[in-house]
Amino acid sequence: MDASPNTAMSKPSTRRRGATAEEMSLQQREISVSEFFAKNRHLLGFDNARKSLLTAVKEAVDNALDACEEAGVLPDIRVELLQRSESRFKVTVRDNGPGIVRHQIENIFGRLLYGSKFHRLKMSRGQQGIGISAAGMYGLMTTGQPVLIISKTHRKKPAVEVLLKMDTSKNRADVVSETEHPEDDGLFADGHGTQVAIEMEGKYQQGRQSVDEYLDQTAIANPHAHITFITPSNETIEYKRGTNELPPEAKEILPHPKGIELGTLIQMIERTERSQVGGFLQEEFSRISPSVSKEICLKAGITPRTWVKNVGHAEAEGIYRAIQEAKIMAPATDCLVPIGTKALLSGLLKEVKAEFFTACTRPADVYRGNPFLIEVGLAFGGELPKDELIRVIRFANRVPLLYQQSACASFKAVLETAWRNYGISQSRASLPEGPIVVMIHMASVWVPFTSESKEAIADYDEIRKEMKLALQEVGRKLGIYLRRRQRMKHEGERRSIFERYLGEISQATEAITGTSAKRIYDSLLKVAKRKTEEADAVLDDEGKRVKDADPLGKDASVIILPARAIRANRADAPEETVSPGDSKRAAPGLFGDHEAAVKPKTPRRKG
Amino acid sequence: MARKPTTTTASVRQETLGKIAALGTTVAKAALAESDPFVDVPTRTISNTTYNETRRLLQMGDATLRRNLFNTGQARKFMQMVLLSKGCKDLLEAQKTLSLRGMYYKSLHTIAGTNEKTFDDQEESDGILEDIEVSLATLRENLHLFAKKRGTMVGNITVVDKGDSIDCRRMGTGGYAIPSICEPSVVQFAKCDAKFVLHVEKDTVWSRFNEDRFWETHNCILTEGSGQPPRGVRRLLYRLNKELGLPVICLLDCDPWGHYIYSVIKQGSINLAFESERMAIPDARYLGIRSADFERCGLSDDVKISLNDRDIERAKQIAEYPWFAKKKPWQKEISQMLRNGFKMEVESLITKDISYVTETYVPERLKAKDWID
């Protein structure tokens, strides 16, 4: 220790300076993932009370939807928020999925980074295996209460109820208690399903970035799901199905060689069970035929028959470089399941009170070797607010993204689209203005999020380009509609000018010629209607489609509602009609409804 | 010369009613055929007006403008046309006459189910009535319509107006108000000693001449047309010229408007070119005021009225009319006025002496036959 000005410093500091490697090694130990995320829970979306509540619901619902779809069951999901105290909630989510076999319950709900989705390339909502266990961990940390899981795998088998308590230091869960329900507990109407209940600190507030908004948007992107939401004030909000067709199951694919990084390649080489390089390339990657495999090997200075165990770092690097140079087919895209134009429209129609709807599904493309596709839906007019910036709602594999809009590739794509070409006003470097909701969906085997909390899609050029193309397509259709609407208005005015004078003309003509004024009037009226046919496109439109003469009429990707149908459309199911005093109300729309809806204050139910 | 006192004859009336019925039938037929009804209206613009050099009068060309019901710009006019045609039919059947203003009121009402009136003002109705007149190739008189009375006459003549004998020598200070309809069926000429007609632009000048008994001392007829003479005055002048062989001499202001009044009297108006044949007096003469009179008569600077831009533009237009273009005296007259840079009214002669115009100016010019054609 020399005599430096630092001698004046506090003792602990001085002591640390003098620590030996041996002493330091005592402090150095493995950090479990759960410990890491418990400290950095904001990375997973648990940074404040309001967002934590939303994240917990979101993780549970995403898992439920994934489970139902994988089992081929039309999802029927019930979300309940029970307010225990000012800042304490019990979140319960129940699905009609296949249930979870007993021995996996601890793993799925009690370990971080444990899941079926990380190690394979398949389109699904969850991908890392963090979400639901993180929610349980957050609940345990804020309330000390364990997570309650009830699972029933078969009608004839009893449901099991397990109370789990996480041990963050070991990234494991301890079973607190375990009971068997009687076979006919009536909890799962379909005879199978899972229910998870988490007690946690939270804050319930409606509006933007709320549980309500998440469910609204989930209903748009998942019109095949039936969701029941019981709010903390004991209202029941129902999101009805827009379609009874389950989306087709997504296929799992092997990684594409172009999307692999050197480190990953080396890891794969270390782990493979193949003995020769040719077999390794052909079996563990997609799109590598024997001839392509040979080409890669020769370029890397080895042969397909080279033993994998002889491949060192230099050879791996050679293979990597050869892959980049080789001509390899783009990955198969049948692994992607788009929502589809029809379902997109049905989702929007169900949840947004607008007059014009259009949607478009782009063909699949590839970024970093991962296939993806972009879909865009657009709703215009109706009861959407006119003088505000348009609303962009974002989805990744059907999951709504509520946070970090401006960091998202989709947001940038909207900004870069020239909306003025379609008759929408837009200031420089800002969202366009008008009564519009734009919905952007990215479907991919691997969605590149900017963070673990899955809030924004990373800005890859390929992704943004596809988004812009899709936006342009729906924008063009909107432009056609707006121009036509303008023309219809004009024609309507023309007709009223003609009709105004027909009475006078026919009466005077009768006085001159003796021909019946009524006959003249009726004939002239026919001519007036014919001359202003354009205006009839609306007048005659009782149904949803406009006349065939209209360019948009034949387009299945467009729905136009006559003004009076917009309101009726939302309350089309008679049994759902809201009656006073009933605690049920129709699912709220994305706009205006939160203020407008009657919210009966009925006494809290049991619990 | 004298004719029976009637309004239009029964045959003219039947003919006119037939024309209205034909118009109505065209509309009814087009309507029942579910097509777009239309009326072809001859255009009343300079482009559709030609100057007939042999007959020395303006004639309307063949150009027509199709007025469709199913055209947003024409629908209202079309309606008004049918409506006023019906009004004229009522009038003819009742064998009565109405003023233009009367017809406007007869057809004025709010269109059922709107708050729009059939006409905004009388001007709108008057224009449509002229359209009907030309479309049916008939005359306002035959539709039993007349305009507001304008114009006065005194002089050595006795006329019979709907049976009443009127001695124009005994009209006091007011004179005989020239009726709007001066057809032979309404006005006939009885005893006439006058040798010519002096037509002055307006009432104030006419009063000067009447007070000085000019018509008596010079044995003539004295008329005025309150500016641009209405059809009644023009028709009467025409008949005095044609039927009694009286030359018509005009005393008008020295400005483009005076020149155009002369032009209308002489070869007809552009707007009513279809009536030129029964109104234009190709032999009419222009006595004054002439642009040279300022110096000739030694007038003071006070009478000068500067030409404004509109005057200059109008003067140039008039000089280019085909019926003026080939007349050197007129080209000289107009260019001198433009050179002078000012115009003069007839009243400017009063600055010389109260009766200078009646006692010196006009008699001297008449004697010298100093007029332009």
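Filtering region B:299-314 to residues that are surrounded by fewer than 17 Cβ atoms within 10 Å (Cβ to Cβ) and of a type in the set (Val, Ile, Thr) leaves B:ILE305, B:ILE312. Considering every residue within region B:156-169, establish whether at least one is part of a loop (DSSP other than H, G, I, E, B), in contact (Cβ under 8 Å) with a residue 60 or more places away in the chain and at negative phi. Yes. In the condition set (1) polar (S, T, N, Q); (2) modelled with pLDDT of 90 or more; (3) touching a helix residue (DSSP H, G or I) at 6+ places or on another chain (Cβ under 9 Å), A:THR168 is compliant with all but (2). For region A:267-294, a residue qualifies if it is more than 25 Å from A:SER444 (Cβ to Cβ) and either in contact with a Lys or Arg (Cβ under 8 Å, 6 or more places away or on another chain) or in a helix (DSSP H, G or I) (or both), and the qualifying residues are A:ILE269, A:GLU270, A:SER275, A:GLN276, A:VAL277, A:GLY278, A:GLY279, A:PHE280, A:PRO290, A:SER291, A:SER293, A:LYS294. Taking region A:274-331 as the range and being among the hydroxyl-bearing types (Ser, Thr, Tyr), surrounded by 12 or more Cβ atoms within 10 Å (Cβ to Cβ) and closer than 21 Å to A:GLY369 by Cβ as the test, the residues that pass are A:SER286, A:SER289, A:SER293, A:TYR320. Among the residues of region B:82-120, write down those that are assigned to a helix (DSSP H, G or I) and within 9 Å of chain A (Cβ to nearest Cβ). Across region B:82-120, the qualifying residues are B:VAL82, B:LEU83, B:LEU84, B:SER85, B:LYS86, B:GLY87, B:LYS89, B:ASP90. In this structure, B:LEU222 does not qualify as assigned to a helix (DSSP H, G or I) and buried (at least 24 other Cβ atoms within 10 Å of the Cβ). Just a yes or no: is a residue in region B:59-72 hydrophobic (A, V, I, L, M, F, W, C), surrounded by fewer than 19 Cβ atoms within 10 Å (Cβ to Cβ), more than 13 Å from chain A (Cβ to nearest Cβ) and in a strand (DSSP E or B)? Looking through region B:59-72, at least one residue is hydrophobic (A, V, I, L, M, F, W, C), surrounded by fewer than 19 Cβ atoms within 10 Å (Cβ to Cβ), more than 13 Å from chain A (Cβ to nearest Cβ) and in a strand (DSSP E or B). In region B:227-237, the count of residues that are modelled with pLDDT under 95, assigned by TED's automatic domain parsing to the domain that holds B:PRO184 and touching a Pro at 6+ places or on another chain (Cβ under 7 Å) is one or more.
Checked against (1) among the hydroxyl-bearing types (Ser, Thr, Tyr); (2) outside any helix (DSSP H, G or I); (3) surrounded by 17 or more Cβ atoms within 10 Å (Cβ to Cβ), B:THR16 meets all criteria but (2).
Taking region B:25-55 as the range and being in contact with a Lys or Arg (Cβ under 8 Å, 6 or more places away or on another chain) and either modelled with pLDDT under 85 or away from chain A (no Cβ under 14 Å) (or both) as the test, the residues that pass are B:ASP40, B:VAL41.
When A:ALA508, A:ALA535 are screened for being at pLDDT below 90, in a helix (DSSP H, G or I) and either within 22 Å of B:GLY73 (Cβ to Cβ) or more than 9 Å from chain B (Cβ to nearest Cβ) (or both), only A:ALA535 passes. None of B:SER165, B:SER185 is within 29 Å of B:ASN271 (Cα to Cα) and not acidic (Asp, Glu) except B:SER185. For region A:442-471, which positions are surrounded by fewer than 18 Cβ atoms within 10 Å (Cβ to Cβ), within 30 Å of A:LEU561 (Cβ to Cβ) and not hydrophobic (A, V, I, L, M, F, W, C)? Once the filter is applied, which keeps residues that are surrounded by fewer than 18 Cβ atoms within 10 Å (Cβ to Cβ), within 30 Å of A:LEU561 (Cβ to Cβ) and not hydrophobic (A, V, I, L, M, F, W, C), region A:442-471 yields nothing.
The values are calculated or read from the model by the stated rules, or taken from the named source; none is laboratory data. Bear in mind that the values here come from a model prediction, so they are computed numbers and not experimental data. Positions of Cβ are generated from backbone atoms using ideal geometry, with glycine treated the same way; all protein chains shown enter the neighbour counts.
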